[in-house]
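S.K.: Submitted below is the structure of interest, expressed as structure tokens.
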């Protein structure tokens with residue numbers, strides 16, 4: 001998410017790199033869309049508060065998308081667009 005936020009690459013390119021480079025069945029952004037951005041935000045918030053470690057602070061792009069109701073596949077939009 002931070003790479004996307006910083007404009008390093010597109011969501012598609014980041015996911016493709018993880019699939020091809022690490023042999024993951026799907027990239028992290030697509031997986032986040034399937035799990036739900038609201039769920040990922042809740043997990044990151046919990047870890048950040050419990051561990052008091054800035055590495056777990058949720059990226060602003062995640063907070064912004066959740067605030068806009070872009071929760072992933074369940075709402076039709078997250079890091080990707082999903083057909084209902």
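Bear in mind these aren't lab numbers, they're just calculated from the coordinates by the rules spelled out. Since the model is a prediction, treat every value here as computed from it, not as a measurement.
S.K.: For the chain, what is the calculated [θ] at 222 nm in deg cm²/dmol (nearest 500), taking -39500 (n - 2.57) for each run of four or more DSSP H residues and dividing by its residue count?
M.R.: Theoretical 222 nm ellipticity from helices: -16000 deg cm²/dmol.
S.K.: Follow-up question, since we're still on this one. Please report the projected area of the chain's Cα convex hull averaged over all directions, in nm².
M.R.: 5.7 nm²
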